[in-house]
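Report on the structure given below.
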Amino acid sequence: MTADATDAPARRRLPRLRVRGGAWSVWLVGLFLFLAVFGPMIVPYDPVATNTRVSLQPPSWAHLFGTDDVGRDVFSRVIAATRLDLMIALGAVLLSLGIGTALGAAAGWAGGWTDRIVSRTIDTIMGFPLFVLAVGIAAGLGNSVWSVVIATSVVNLPLYARTTRSEVNRRRSAGYVQAARLSGIGSFTIVARHILPNVAPILAVQASLNIGWAILNAAGLSFLGLGIRPPTPEWGILVADGADFLFSGEWWMFVFPGAMLVLAVLAFGGFGDWLRDRLDPKRA
Amino acid sequence: MNALTAVLDQPSPPPDTSPLLAVSGLSISFGGRIVPTVQDVSFAIARGETLALVGESGSGKSIIAHTVAGILADAARVNATSISFDGIELAVDRRAVEALRGRRIGMVFQNARAALSPTLAVGTQIGDVIARHRKLRGRALREAAVEALAAVRIPDPERRAKAYPHELSGGMCQRVMLALAMAGEPDLLIADEPTTGLDNTTQAAILDLLAAEAKRRLMSTLFITHDLGLARDYADRVAVLHAGQLVEEGSALTVFDAPRHPYSARLVRAVPARAATVADLGGIPGKFPDLSGTVPACRFADRCERAVERCRTEVPRLDPVPPDGRVACWRPLV
Amino acid sequence: MTPLLEVVGLSRRFPVRGGELHALDDVGFRLHAGGSIGIIGESGSGKSTLATILARLDDPQEGGIVLDGARDIAGVPARAFGRDPARRAIQLVFQTAGDALNPAFTVAQNIAIGLGLPKINAGVLERVKKVATEVDLGHDLLERRPHQLSGGQQARVGIARALISEPRLLILDEPTAALDVSVQATILRLIDRLRRERGLTLAFVSHDLEVVRLMCDSVLVLYLGRVVEIGPVSEILTAPKHPYTRALVDASPGEGRGSFRLAGDTASPIGSVRDQCLLSARCPFADDRCRSERPALRGVDVRLAACHHAETIAASR
C-alpha cells in the first residue's frame with residue numbers, strides 16, 4: 001500500500017505550538033475590564049495632573065511605575081488609559097463585526113452581483129498594507145477618538161466579511177436551510193435566524209482574537225501622533241513619550257505601558273483561544 | 001524458461017490447508033472505557049477465501065481490520081492470544097506487520113479519492129509502488145503502471161495514467177486504489193467498506209473485479225461491510241459482530257438463510273432484497289449498548305426478545321453449529 | 001381521475017465550462033393521490049435536481065408541474081413559492097447526513113421549522129409533540145441538539161419536520177442512504193406506516209432498486225437527466241426493457257443478481273451529443289442508429305421505455 005493510504009487512519013495529532021488559551025486569559029480579560037470600568041476611580045493620583053517637583057522619578061512605593069518628565073504618576077496614567085484603549089478596540093471590533101457580517105452575509109447568500117461588488121471592495125482594502133491604510137484613514141479623518149475607531153474598523157472589515165461570506169455560502173444549500181425555505185421563511189430571516197447562529201461562534205472567536213490586534217493598531221496610530229492627542233492617557237502615547245527617555249535611562253516610562261499593551265494583546269488572544277474551545281457546538 | 005517449465009512439471013505439493021490468517025482471543029480497549037470495545041474475538045481466513053466481517057457501525061469491524069493491518073491508533077490497547085499470518089506471529093511484535101503491509105497484506109477502504117495523493121498523477125503513484133516490489137525503471141515502470149490500471153479494468157489506461165485523482169470518478173479512484181493494493185501482490189486483501197458511497201452499478205463492478213482478482217490469484221480477502229446482503233453475495237464465510245463481540249460465524253449462505261443468533265437473524269431481516277413487502281423488513285429493536293458504561297455479558301441481551309438472566313451474567317460460549325459454523329448464544333435459534 | 005401531480009416536459013440546464021449540462025431533459029410523469037413513485041438513478045442522473053424542482057426550491061427552464069389538475073406551479077418562481085397556497089401541500093425529506101438539521105437549534109425547534117416558526121410557544125410545542133409521537137421520537141429528545149442523536153433518530157426528526165405542516169405530497173430525497181441497513185429497515189417501515197395512516201402521496205428518490213421495490217408502486221428510471229424507463233414497479237424491476245435499467249437490476253445485490261454490466265462509468269455529456277442515446281457508448285446493444293438518433297420514450301407493453309432495441313433486449317434475457 002502507498003504511504004498515503006497507510007498513514008491515513010493512523011494520523012496523529014501534532015503537538016500544538018501556540019500558547020494554550022486557558023483560565024488565566026479569562027482572569028486577565030476580567031482584570032482589564034475591571035480596570036476599564038473602575039480604573040480612573042482607584043488610581044492613587046490624577047493621571048493628568050502635573051507636578052514638576054517629582055519629575056522623572058524611578059519606581060518607588062509612592063510611584064509604583066515611577067513618574068514622567070512633568071511629574072505625572074505613570075501607574076495612574078497606565079491604569080487610566082485602559083478604559084480608552086479598550087473602548088477604542090471594542091468599538092472598532094464591534095463596528096467591523098457588524099458591518100463585515102452584514103456585507104459578508106449578503107454576499108454569501110445572494111451571490112451574483114452583490115457578491116462581486118462586496119468581494120472586490122474587500123479585495124481592494126486587502127490590497128493595501130493594513131497599517132499604512134489605517135494611518136491614511138486616521139490622518140484623513142483628523143484627531144479624534146472616532147478617527148482611530150473608524151480607521152481600525154475599516155482595516156478589520158475584510159476579516160469578518162470574508163469569514164461570514166464563506167461560512168454563509170457553505171450553508172446556503174444545507175438541508176436545514178432548504179427546509180426553512182420550504183416552510184416559506186424569507187431570506188432575511190433564514191440568514192439571520194437559521195444560518196448566523198451557526199456562524200456566530202466562529203465570529204466570536206475571531207472578534208476576541210481581533211481585540212488584541214485592534215488595541216495594538218490603535219496604540220500604533222497614537223504612537224505616530226494620529227488620532228488621540230496628549231495629554232490624554234493612552235498606551236500608544238505613553239509608549240511614544242517613554243521612547244524619548246529610554247536612552248537617557250528613564251526606562252520605566254517606556255517599559256510599563258509597553259508591558260501593559262503586550263499583556264492586553266496576549267490576554268485577548270488567549271481568551272479567543274479559550275472561547276474557541278468552549279463554543280464548539282459539538283462539545284455542548 | 002526451462003526452469004519455469006521444470007517447476008510447472010513437478011507434481012503439485014499437497015494444498016496448504018492451514019489458515020492464512022488466524023486471529024484468536026483478540027480484545028481491543030480504549031482509554032477511559034470500562035469495557036473493551038472489541039472482546040475476545042477469534043476468526044480465521046483460509047487461503048483464497050473471502051471472509052466478511054459484518055455488523056452495524058460501532059460493532060468494531062473496522063477496528064479489527066485496522067489491527068490486522070497494524071494501522072490502529074496508538075491510543076488503543078490490543079490484547080490477543082495470537083494473530084498469526086501464514087505462520088508469522090503478529091500479536092507479540094506489532095512491528096512485524098510493517099514488513100508485511102503493502103506486500104503480503106494490501107488494503108482498500110472507502111473514499112478512495114481521499115487516500116490518493118492529490119498532487120500526483122495516478123500512474124506515477126502506482127509506479128512508485130511497483131518500483132518498491134520490482135526492479136523496474138523509466139519506460140518499463142510506466143508500462144507496468146498502465147498494465148496495472150488495465151488489470152483493474154480502467155478503460156483507456158494510457159490516458160488515465162496521466163490523470164489526477166480529482167479528474168477521476170469515485171469508482172475509478174477505487175479501482176486505482178485496488179491497483180495500488182494489488183501491485184504488492186498481496187496474499188491478504190483487507191477491503192474496508194470499499195464501495196460505500198458508490199453507485200450500485202459501480203459497486204457491483206468493483207466487487208466483481210475484487211472477486212475475480214481474488215480467485216485468479218488465490219488471494220484471501222477480509223471484507224468489511226454493514227450489509228449482510230452484500231456479504232452473502234461476495235463472501236465465502238461471514239463473521240457477525242455485535243458491539244465488539246463475535247456472535248456468529250459460518251458459511252455466508254448458511255448464516256444468511258438459517259441464522260442461529262438472534263442478532264444475525266435481525267440483520268438478515270433488514271436486507272431489502274430479501275423482503276417481499278415492507279412489512280417483512282425488520283430493524284433491530286432497542287439501543288446500541290453504550291460501551292462507555294457497563295454492559296450485559298452478552299451485549300445483545302438488552303435488545304433481544306429471547307434473552308434470559310444467564311445472558312446478562314455469563315458471556316455465551318462459541319458453540320459449533322453444523323456443518324462448519326459457530327454461534328455465541330445461550331438460546332440460539334433452531 | 002385527475003392525478004395529484006402531473007409533470008410535463010421538465011428541463012433544467014446548468015451553465016458549465018464548455019457549454020450546458022442537461023441535468024433534466026424533458027422529464028414527465030403522473031402521480032395519483034395515494035400513489036408512490038420511485039425515482040431511480042445514480043450520481044449525475046438528475047434525480048436530486050428533480051426532487052428540488054418538484055419541491056419548488058429550484059426553477060426549471062421548461063415544463064409544467066400541475067397540481068390537482070388545476071394549477072401549473074412550475075410557473076411560480078421558487079423565490080415566491082414560499083408564500084404560495086400550494087406550498088404546504090408539498091414537503092421534502094432530506095438525506096440524513098451532516099447538515100440536514102440545524103445544529104444551532106434544539107430538536108423541537110428543528111421540527112417546528114416545518115411550520116415556518118422556529119419560535120416555540122405552547123401551541124407549537126403541542127404540534128411538535130404530536131408529530132414526534134407519530135414518528136416514534138421520544139419526547140425526552142426534543143430538548144437535545146441534533147448531534148446528540150443517533151442517525152436513525154435524526155432521520156425521524158427530518159421526517160417529523162416535513163410532516164408537521166400536513167403535506168399531501170412527500171418527496172423523499174434518499175432519506176436512508178447514509179444509514180446502516182438495520183436502521184434503514186426501521187425508517188422504511190416508519191415511512192410506509194405514515195403513508196398509510198396519513199394517506200400520503202410519495203415521490204421516493206433513491207439509488208437502491210430494492211428500496212423502491214418495497215416502497216413504491218411505479219418507478220421512473222433516470223439516466224443523465226433523461227427518463228429511460230417508466231412504469232409499474234413489478235414490471236420494470238422483474239423484466240426491464242431498457243439496457244440501463246437492466247444493468248441496475250443486475251447490479252443490485254440479492255439472490256437473483258445477474259451478470260449484465262455496462263462498460264465504463266457515467267460521464268455527463270456537455271454540448272453536442274444530444275441527438276443520440278446517451279447510453280450508446282457503454283451499451284453492448286448499441287448500433288449506428290443509437291449513436292445518431294435519440295430514442296423516444298415509447299410504449300412497450302405496460303411501460304414506457306426509451307430504447308430503439310427494447311424488444312430485442314427483453315427477448316435476450
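A short reminder: the numbers here are calculations on the coordinates, not readings from a lab. Nothing here was measured: the structure is a model prediction, and the numbers come from that model. Note that we place each Cβ from the backbone using ideal geometry, even for glycine, and neighbour counts take in every protein chain shown.
If you take all other residues with their beta carbon under 11 Å from the beta carbon of C:Asp136, and give Lys and Arg +1 and Asp and Glu -1, the sum is +2. The charge dipole of segment C:69-125, taken about the Cα centre with unit charges on the Cβ atoms of Lys, Arg (+1) and Asp, Glu (-1), comes to about 200 debye, rounded to the nearest 20.
For segment C:39-140, trypsin sites (Lys or Arg not before Pro) meeting the loop criterion (DSSP other than H, G, I, E, B) and having at most 11 other Cβ atoms within 10 Å: C:Arg83, C:Lys119.
Counting Lys and Arg as +1 and Asp and Glu as -1 over every other residue whose Cβ lies under 11 Å from the Cβ of A:Ala219, the net charge comes to -2. Legend: translational diffusion of chain A by Stokes-Einstein, Rh = Kirkwood radius over C-alpha pairs, 10 °C, 1.306 mPa s; D = 75 µm²/s. Using Cβ point charges alone (K and R +1, D and E -1), the dipole size of the protein assembly as shown about the Cα centre works out to roughly 660 debye. The antiparallel fraction among DSSP beta bridges confined to chain C stands at about 60%. Amide H to amide H distances under 5 Å link C:Glu62 with C:Ser11, where only residues 5 or more positions off or on other chains count and H is placed in the peptide plane. Database remark: amide H of B:Ala270 closer than 5 angstrom to the amide H of B:Gly282 (H placed geometrically; neighbours at sequence offset of 5 or more, or on other chains; Pro and chain starts carry no H).
Distance between the 7 Å Cα→Cβ label points at C:Met1 and C:Phe14: 3.6 nm.
Between the beta carbons of B:Glu98 and A:Asp277, assuming R0 = 30 Å, the FRET efficiency works out to 0.25 to the nearest 0.05.
Only aspartates and glutamates eight or more places from C:Lys130 in sequence, or on another chain, were considered; those with a Cα closer than 17 Å are C:Asp140, C:Glu143, C:Glu166, C:Glu197.
Bridgeable aspartates and glutamates around C:Lys241 (alpha carbons under 12 Å apart, same-chain partners fewer than 8 residues away excluded): C:Glu229, C:Asp301, C:Glu311.
Filter the GluC sites (Glu not before Pro) in segment B:275-325 down to the DSSP loop ones having no more than 12 other Cβ atoms within 10 Å, then list what survives.
When the GluC sites (Glu not before Pro) of segment B:275-325 are filtered for loop state and at most 12 Cβ neighbours within 10 Å, B:Glu305, B:Glu314 remain.
Under a Gaussian network description of chain C, with springs only between Cα atoms under 10 Å, the residue in C:Gly254, C:Gly299, C:Gly151 that fluctuates furthest is C:Gly254. For segment B:104-171, the Cβ-based charge dipole about the Cα centre amounts to some 280 debye (Lys, Arg positive; Asp, Glu negative; other atoms uncharged). Helix B:200-217 axis versus longest C-alpha principal axis of chain B: approximately 70°, rounded to the nearest ten. Against chain B, whose longest principal axis is taken from its Cα atoms, helix B:138-151 shows a tilt of about 40°.
Modelled spin labels at B:Arg77 and B:Asp280, positioned 7 Å past Cα toward Cβ, are 4.7 nm from each other.
Residues whose amide H lies under 5 Å from that of C:Val219, counting only those 5 or more places away or on a different chain, are C:Gly38, C:Gly231, C:Val233; hydrogens are built 1.01 Å from N in the peptide plane. Charge tally around A:Val199: other residues with Cβ under 11 Å, Lys/Arg +1 each, Asp/Glu -1 each, net +2. A crude spin-label estimate for the pair A:Leu263 and A:Thr232, with each label 7 Å from Cα along the Cβ direction, gives 2.3 nm.
Relative to the longest principal axis of the Cα atoms of chain C, the long axis of helix C:122-134 makes an angle of roughly 50 degrees.
Computed per residue of chain A from DSSP H runs no shorter than four, each worth -39500 (n - 2.57), the mean residue ellipticity at 222 nm is -23500 deg cm²/dmol.
Roughly what % of DSSP beta bridges within chain B run antiparallel, to the nearest 5?
Approximately 55 percent, going by the DSSP bridge assignments.
Here B:Glu167 and C:Arg30 are evaluated by their C-beta separation; at R0 = 25 Å the FRET efficiency comes out at 0.05. Separation of segment A:37-82 from segment B:104-159 is 74 Å, based on Cα centroids. Normalised by the number of residues in chain C, the mean separation of alpha-carbon contacts (under 8 Å, six or more apart) gives a relative contact order of 20 percent. Please build a GNM for chain A, connecting alpha carbons under 10 Å apart, and tell me which residue among A:Ala219, A:Ala264, A:Ala243 fluctuates the most. Of A:Ala219, A:Ala264, A:Ala243, the most mobile in the Gaussian network model is A:Ala243. Comparing A:Phe271, A:Phe128, A:Phe75 in a Gaussian network model of chain A, where Cα atoms under 10 Å apart are tied by springs, the biggest mean-square fluctuation is seen for A:Phe128. Between the residues A:Thr164, A:His194, A:Ser25, the greatest Cα displacement towards the positive end of the dipole of chain A, with unit charges on the Cβ of Lys, Arg, Asp and Glu, is found for A:His194. In chain B the longest region clear of trypsin sites (Lys or Arg not before Pro) that are loop-assigned by DSSP and have at most 10 other C-beta atoms within 10 Å covers B:138-286. Provide the percentage of antiparallel DSSP beta bridges, counting only those with both residues in the protein assembly as shown; round to the nearest 5. About 60 percent, rounded to the nearest 5. Between A:Leu141 and C:Arg79, what FRET efficiency follows from the Cβ-Cβ distance if R0 is 45 Å, with the result rounded to 0.05? Computed FRET efficiency for A:Leu141 and C:Arg79 comes out at 0.65.
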